[in-house]
1. Quick check on segment 111-147: of everything there that is in contact with a helix residue (DSSP H, G or I) (Cβ under 8 Å, 6 or more places away or on another chain) and over 29 Å from residue 62 (Cα atoms), which residue is surrounded by the most Cβ atoms within 10 Å (Cβ to Cβ)?
2. Against the condition surrounded by fewer than 13 Cβ atoms within 10 Å (Cβ to Cβ) and either at positive phi or at pLDDT 75 or above (or both), how does residue 99 come out, does it pass?
3. Within segment 41-50, how many residues are exposed (fewer than 11 other Cβ atoms within 10 Å of the Cβ) and either under 24 Å from the mean Cα position of the chain (by Cα) or modelled with pLDDT of 75 or more (or both)?
4. Condition first: surrounded by 12 or more Cβ atoms within 10 Å (Cβ to Cβ) and within 27 Å of residue 78 (Cα to Cα). Can you find one or more residues in segment 158-180 that meet it?
C-alpha cells in the first residue's frame, strides 16, 4: 500500500503505520509465546533449568538472525547465527550441515535442525582443538595480530600478549605453536 502511495483508506480508520505497528506487536507477542512454550516443554520433559535457558538463548539467536522473519535461516543467516552464538566451527562444516539439512520447501534451516547443530557443536572450550579453533576464528588466518588481540581482549590485552610473547613472528603471533606448548 505504501509503495502505491496509499497511506489512508476511506473504508477503515487504520493507516499503513497503525497496521504495521499492530503487525510488529503481534510478531513480538508470538516470539515471546514461542520462548515461553519452549521453556514449558523443556520443563515438562524433565530438562534442567540451564538446558531450558540454553534453548531460549538459541531461540533468541535464531529469531535475531532470521532477518526476513520467515521462520527459517537462509545460508548467510545460518552462518551468522552460528558465529553469533560463539560456535567454533569452520565455514566448511557450516556449509556442509546447511546443505544436508536445509528444508528446501521452506527455504532454509528450521529451528529444530538449528538446535541440533548448536548442541552438536557446543563444547566446553577447554580441549586443545577448542582452543586452536578459537584462535583460528579470531585470526581468520594462521597468524594472530596484535590489533586483533587488542580489539578482542580490550579489557586486558597485555595478559594475552605476554602469554604469546615467546611465539612472536614478523607478522604477528604463531598461535598454533602457543597452543602446542600449552598442551605439551
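The values are calculated or read from the model by the stated rules, or taken from the named source; none is laboratory data. What you see is a predicted model, and the numbers here were worked out from it, not measured in a lab. So basically every Cβ, Gly included, is an ideal-geometry build from the backbone, and we count neighbours across all protein chains shown.
1. Checked segment 111-147; the qualifying residue surrounded by the most Cβ atoms within 10 Å (Cβ to Cβ) is 144.
2. yes
3. 3
4. no
The rows are residues; the columns are (1) assigned by TED's automatic domain parsing to the domain that holds residue 75; (2) buried (at least 18 other Cβ atoms within 10 Å of the Cβ); (3) in contact with a strand residue (DSSP E or B) (Cβ under 9 Å, 6 or more places away or on another chain); (4) within 23 Å of residue 55 (Cα to Cα).
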{"residue": "106", "(1), (2), (3), (4)": "yes, no, no, yes"}
{"residue": "109", "(1), (2), (3), (4)": "yes, yes, yes, yes"}
{"residue": "149", "(1), (2), (3), (4)": "no, yes, yes, no"}
{"residue": "155", "(1), (2), (3), (4)": "no, no, no, no"}
